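Below is one structure, written out as structure tokens; the observations come after it.
The numbers here are math on the coordinates, done by the rules we state, and not lab data. The structure displayed is predicted, hence computed values, not measured ones. Ideal geometry is used to build each Cβ from the backbone, glycine not excepted, and the neighbour counts take in all protein chains shown.
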Amino acid sequence: MSLLARQLRRAFTQPERLLCRLRNRQLQGAKFRRQHPVAPYVVDFVCLEAGLVVELDGRQHLLRKTYVAERTRMLKSKGLTVIRFRNVDVYRRRNEVVQAIDFALTLPLRPRAGGEGRGEVG
């Protein structure tokens, strides 16, 4: 496990705290991992079984659009579905964000690059 992922897990951001419904299988029984390594990145939330990555973007992401686009492209190349929310949306419309994540869990799985297997990514 990556040292960076471990450090990030210990330091919750406020938007991560607000998405507490992703914990303890509260959405359709899906297990989400927070600050999980998906080489070479650490994603905010991932449900490996559904192949779903949830990213929370703060202001710094607005300045790094090329990096964010490349990161999303790489995660998609691993067969993951990536959905992004701005931190401000989590603050202002938390219920709608949770509903969108819940809906994304109902979408069909895409085959993963390099095979159909499930489990650890990266």
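Quick rundown of the values:
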| item | result |
| --- | --- |
| Residue-count net charge about ARG64 - beta-carbon cut-off 11 Å; Lys, Arg +1, Asp, Glu -1 | +1 |
| Beta bridges by DSSP in the range 26-107, antiparallel share as percent, to the nearest 5 | 55 |
| Local net charge near ASP89, Cβ-Cβ under 11 Å (Lys/Arg +1, Asp/Glu -1) | +3 |
